[in-house]
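Student: Pasting in a structure now, in structure tokens, and then I'll have a few things to ask.
The values are calculated or read from the model by the stated rules, or taken from the named source; none is laboratory data. Keep in mind it's a predicted model, so treat the numbers as computed, not measured. All Cβ positions, even for glycine, are placed from backbone atoms using ideal geometry, and neighbour counts span all protein chains on display. Only protein heavy atoms, including side chains, enter the accessible area calculation; ligands, DNA and RNA are left aside. Shrake-Rupley method; radii C 1.70, N 1.55, O 1.52, S 1.80 Å.
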Amino acid sequence: MFFMQESMPKLLIQGGKPLRGEVRISGAKNAALPVLCAALLTRETLAIRNIPQLNDVTTMLALLTQMGVSIKTETNNAIELSVENLTCLTAPYEMVKTMRAAILVLGPLLARAGEATISLPGGCAIGMRPVDQHIKGLEAMGAEITIKHGYIHAVAKKLRGTRIVMDIVTVTGTENLMMAATLAQGTTIIENAAREPEVIDLANCLNAMGAKVRGAGSDIITIEGVSTLHGAMHTVMPDRIETGTFLAAACATGGDIFLKETNARLLDAVLDKLTEAGAGIQSGDNWIHLKMNTKPRAVNLRTAPYPAFPTDMQAQFMSLNCVADGTAIITETIFENRLMHVQELKRMNADIKVEGHTAIIRGITQLDGANVMATDLRASASLIIAGLVAQGVTVIDRIYHLDRGYEAIEEKLSALGAHIKRAVGNSCDLARTAEW
Ligand code: UD1
């Protein structure tokens with residue numbers, strides 16, 4: 001076990017360099033994953049552009065291949081998927097446990113093949129994350145669902161359109177039901193739907209394939225079922241969380257960065273908080289420029305479904321607040337266990353107290369570089385930001401979380417002047433001998 005820890009790659013960061021320069025934002029992970037699953041809905045070819053190169057994408061492609069999808073890689077970020085015949089209707093435990101978004105094959109398989117067997121995702125580091133709303137919605141559409149031996153088995157000769165009122169706002173839940181409803185008989189109305197931009201991106205892709213989806217981006221989505229969907233070409237939207245992560249990093253380090261191929265309109269709540277923290281922000285159609293001339297000011301925030309502040313940006317703002325002037329209060333309302341990065345930030349000398357789902361952060365002058373461990377994807381990003389502002393070297397362990405969701409992050413940060421690299425070895429030795 002000890003040997004395994006040593007052989008796993010770690011990220012080394014020498015803090016103290018402000019981020020400066022230009023960087024291209026990748027396609028959104030959370031938009032790419034559902035769009036890949038949409039390929040299951042048609043026999044024809046779905047061409048997808050701006051696909052990010054991420055481990056979650058690789059896992060999803062492996063799952064789809066196993067189901068009979070053929071994949072043609074055009075370039076690094078462009079692929080074509082086609083599935084004339086579905087050869088397997090099962091998403092096995094091994095895949096669902098590595099990537100919960102695998103649940104997104106449930107709706108499309110059921111709609112096209114009338115049957116699906118998907119491993120129950122189970123809890124994960126940040127919370128219980130049940131899928132009861134996905135199941136409830138599909139049952140309302142006429143599916144017979146049984147749960148046995150840890151698997152959801154769903155059968156429906158033909159799904160029927162109906163009115164579904166979601167008990168809570170769920171992003172992948174809304175996406176699963178929206179995909180299932182495209183091929184159902186009659187009209188489906190999803191109320192209390194998620195309004196996230198990734199839901200709109202998926203609706204745009206489905207409509208390009210011949211679906212009749214209206215209202216995506218509002219809390220009522222109407223889907224008129226059609227008998228078949230056809231091939232299409234879709235370009236994945238920019239990643240608003242990657243965008244926000246770079247902006248928070250530049251704000252924390254006193255940087256000056258220009259992000260291209262992104263969209264400021266996707267992250268109003270995040271830009272408002274960065275402005276409140278003291279950043280100067282300008283944006284155009286597909287770019288954002290952030291300049292930070294002062295020490296950041298503490299900003300309070302509360303996560304909530306879109307268009308409010310995203311839970312996927314909470315950890316990054318925690319790090320920003322660690323070095324801000326004043327005291328901030330952050331409340332996490334979406335996931336019950338998403339403050340695990342606090343313990344790691346405290347190892348870097350951060351002054352944070354947690355009460356329930358709320359963290360109280362008292363800004364300090366300087367974080368100290370330390371050996372820390374990433375606990376989930378966005379927690380990894382928060383530790384990178386902390387490492388970038390800390391004095392000395394930070395070594396981040398378990399960065400496999402990071403590779404699930406950030407494309408070429410060291411390359412991008414290095415290009416902005418950060419001292420960051422990947423290395424294998426014992427954390428203490430790596431910290432002692434790190435050189436740039
Ligand atoms: C998606 C995003 C994830 C983001 C999250 C919240 C993808 C691939 N992932 O995850 O990055 O952090 O939205 O913005 O898009 N819930 C239930 N029952 C359900 C479904 C969800 O109780 O059937 C609960 C969850 O436990 C959580 C809340 O609803 O507390 C929101 O979860 P949800 O929006 O479903 O998150 P995901 O779609 O899994």
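Student: Show me, for the stretch 403-415, the HN-Hα J-couplings you get by feeding each phi into the Karplus relation (A = 6.51, B = -1.76, C = 1.60, θ = phi - 60°), rounded to Hz, glycine and proline as x.
Tutor: Here the 3J(HN,Hα) series is 5, 5, x, 10, 6, 6, 5, 5, 4, 5, 5, 4, 5 Hz.
Student: Where a Cα-Cα gap under 22 Å defines reach, which lysines qualify for K72, not counting those fewer than 8 residues away within the same chain?
Tutor: Once the sequence-local lysines are set aside, what remains near K72 is K29.
Student: With N denoting the number of residues in the stretch 46-141, provide Rg(C-alpha) divided by 2.2 N^0.38 Å, to two decimal places. All intermediate terms of the calculation are to be shown ahead of the outcome.
Tutor: Working: Rg = 14.1 Å, N = 96, 2.2 N^0.38 = 12.5 Å.
That ratio works out to 1.14.
Student: Whole angstrom only: what separates the Cα centroid of the stretch 307-333 from the Cα centroid of the stretch 267-293?
Tutor: Value for the Cα centre distance between the two parts: 15 Å.
Student: Let me ask something else about it. Give the cross-link partners of K212 among the aspartates and glutamates, using a straight C-alpha distance below 12 Å as the criterion and excluding same-chain residues fewer than 8 apart.
Tutor: Those aspartates and glutamates meeting the cut-off are E224.
Student: Compare the Cα positions of W287, T262, A370 along the charge dipole of the chain (+1 at Cβ of Lys, Arg; -1 at Cβ of Asp, Glu; about the Cα centre) and return the one farthest towards the positive end.
Tutor: With unit charges placed on the Cβ atoms, the residue in question is A370.
Student: If you take every DSSP beta bridge fully contained in the chain, what fraction is antiparallel? Give it as a percent rounded to 5. Kindly include the intermediate steps, with their values, before the conclusion.
Tutor: Working: 57 of 81 bridges.
If I count the DSSP bridges inside the chain, around 70 percent turn out antiparallel.
Student: Identify all aspartates and glutamates with a Cα-Cα distance to K158 below 13 Å; exclude those on the same chain that are fewer than 8 residues away in sequence.
Tutor: Within reach: E115, E139, E144.
Student: Got a number for carbon plus sulfur as a percent of the chain's accessible area, 1.4 Å probe? Display every interim value, and only then the final one.
Tutor: Values: 8590 of 17090 Å².
That fraction is 50 percent.
Student: Quick check for me: using +1 on Lys/Arg Cβ and -1 on Asp/Glu Cβ, what's the dipole size of the stretch 349-406 about its Cα centre, in debye to the nearest 20?
Tutor: So the dipole magnitude of the stretch 349-406 works out to roughly 100 debye.
Student: In what sequence, highest mean first, do 206-218, 23-35 appear when ranked by Cβ atoms within 10 angstrom? Don't skip to the end; give the middle numbers.
Tutor: Numbers: 206-218: 18.9, 23-35: 25.1.
Highest to lowest by the protection proxy: 23-35, 206-218.
Student: Between D429 and Q185, what is the FRET efficiency for a Förster distance of 56 Å, r being their Cβ-Cβ separation, to the nearest 0.05?
Tutor: Working: r = 64 Å, r/R0 = 1.14.
Calculated transfer efficiency: 0.30.
Student: Mind jotting down the distance between the C-alpha centroids of the stretch 1-59 and the stretch 139-210, whole Å?
Tutor: 26
Student: Then there's this: Please list, in chain and number order, the residues 5+ apart from R24 or on another chain whose amide H is under 5 Å from its amide H, with Hs placed from the backbone.
Tutor: K260
Student: Also, quick follow-up: Report the one residue of N50, L402, I145 whose Cα lies farthest in the direction of the positive end of the charge dipole of the chain (charges on C-beta: Lys and Arg +1, Asp and Glu -1; origin at the Cα centre).
Tutor: Going by the Cα projections, it comes out as I145.
Student: A further question follows. List every residue whose amide H lies under 5 Å from the amide H of I152, counting only residues 5 or more places away in sequence or on a different chain, with H placed 1.01 Å from N in the peptide plane.
Tutor: I118, S119, L120
Student: With +1 on the Cβ of every Lys and Arg and -1 on the Cβ of every Asp and Glu, and nothing else charged, how large is the dipole of the chain about its Cα centre, in debye rounded to the nearest 20?
Tutor: On the way: 41 positive and 44 negative charges, 24 e Å.
Here the size comes out at about 120 debye.
Student: Nearest 500 deg cm²/dmol is fine: what mean residue ellipticity at 222 nm does the chain get from its DSSP H runs of n ≥ 4 alone, each adding -39,500 (n - 2.57), divided by its residue count? Mind showing how you got there, number by number?
Tutor: Details: 16 runs with 147 residues, N = 436.
About -9500 deg cm²/dmol.
Student: Let me ask something else about it. Sequence-distant or interchain residues sharing an amide H contact under 5 Å with W287, placed H: which?
Tutor: Those lying under 5 Å, H to H, from W287 are T262, A264.
Student: On to the next question. Report ³J(HN,Hα) in whole Hz for each residue of the stretch 78-92, in order, from the Karplus equation J = 6.51 cos²θ - 1.76 cosθ + 1.60 where θ = phi - 60°; Gly and Pro get x.
Tutor: Those phi angles translate into 9, 9, 10, 10, 8, 9, 5, 10, 7, 9, 8, 10, 10, 9, x Hz.
Student: Hey, what did the stretch 244-326 get for relative contact order, percent, Cα under 8 Å, at least 6 apart? Don't skip to the end; give the middle numbers.
Tutor: Numbers: 136 pairs, mean separation 28.3, N = 83.
Answer for the stretch 244-326 is 34 percent.
Student: Give me the percent relative contact order of the stretch 28-72, please, defined on Cα pairs under 8 angstrom at least 6 residues apart. Don't skip to the answer; put the middle values down first.
Tutor: Details: 22 pairs, mean separation 20.7, N = 45.
Contact order relative to length: 46 percent.
Student: To the nearest 0.05, how large is the calculated FRET efficiency for I329 and N76 if R₀ is 60 Å and r is the Cβ-Cβ distance? Numbers along the way, then the final one.
Tutor: Details: r = 42 Å, r/R0 = 0.70.
Efficiency for this residue pair is about 0.90.
Student: Let me ask something additional. With r defined as the distance between the Cβ atoms of S414 and E261 and R0 fixed at 30 Å, what FRET efficiency is calculated, to the nearest 0.05? Show your work: numbers first, answer last.
Tutor: Values: r = 19 Å, r/R0 = 0.63.
The calculated FRET efficiency here is 0.95.
Student: What ³J(HN,Hα) values, in whole Hz, does the Karplus curve 6.51 cos²θ - 1.76 cosθ + 1.60 give for the stretch 287-293 when θ = phi - 60°, with x put for Gly and Pro?
Tutor: 9, 9, 10, 10, 10, 10, 9
Student: How much accessible area per residue does the stretch 1-110 have, in Å², with a 1.4 Å probe?
Tutor: Values: 4330 Å² over 110 residues.
Dividing the accessible area of the stretch 1-110 by its residue count gives 39 Å².
Student: How many angstrom lie between the Cα centre of the stretch 102-132 and the Cα centre of the stretch 233-254?
Tutor: 28
Student: Sorted by mean Cβ packing within 10 Å, highest first, what order do the peptides 72-80, 226-234, 97-105 take? Let's see the in-between values first.
Tutor: Details: 72-80: 13.4, 226-234: 17.0, 97-105: 21.7.
Highest mean packing first, the order is 97-105, 226-234, 72-80.
Student: While we're on this one: Solvent-accessible area per residue for the stretch 239-368 at a 1.4 Å probe radius, Å²?
Tutor: Working: 5080 Å² over 130 residues.
Computed with neighbouring chains in place, this is 39 Å² per residue.
Student: What percent do you get for the relative contact order of the chain when only Cα pairs under 8 Å and 6+ apart count?
Tutor: Dividing the mean separation by the residue count of the chain yields 21 percent.
Student: Turning to a different aspect of this structure: Please give me the summed charge of the neighbours of S70: other residues whose Cβ is under 9 Å from its Cβ, Lys and Arg +1, Asp and Glu -1. Present the calculation step by step, with values, prior to reporting the outcome.
Tutor: Values: positive: K72; negative: E80, E84.
My count for the surroundings of S70 gives -1.
Student: Say the dipole of the stretch 215-342 comes from +1 at the beta carbon of Lys and Arg and -1 at that of Asp and Glu; which of T303, G326, C251 then lies farthest toward its positive end?
Tutor: With unit charges placed on the Cβ atoms, the residue in question is G326.
Student: Let me ask something else. In debye to the nearest 20, how big a dipole does the stretch 87-149 give about its Cα centre with +1 on each Lys and Arg Cβ and -1 on each Asp and Glu Cβ?
Tutor: Working: 6 positive and 5 negative charges, 36 e Å.
Computed charge dipole of the stretch 87-149: roughly 180 debye.
Student: Once you put a point 7 Å from the Cα of Q66 and another 7 Å from the Cα of T146, both along the Cβ direction, what distance in nm separates them?
Tutor: 2.2
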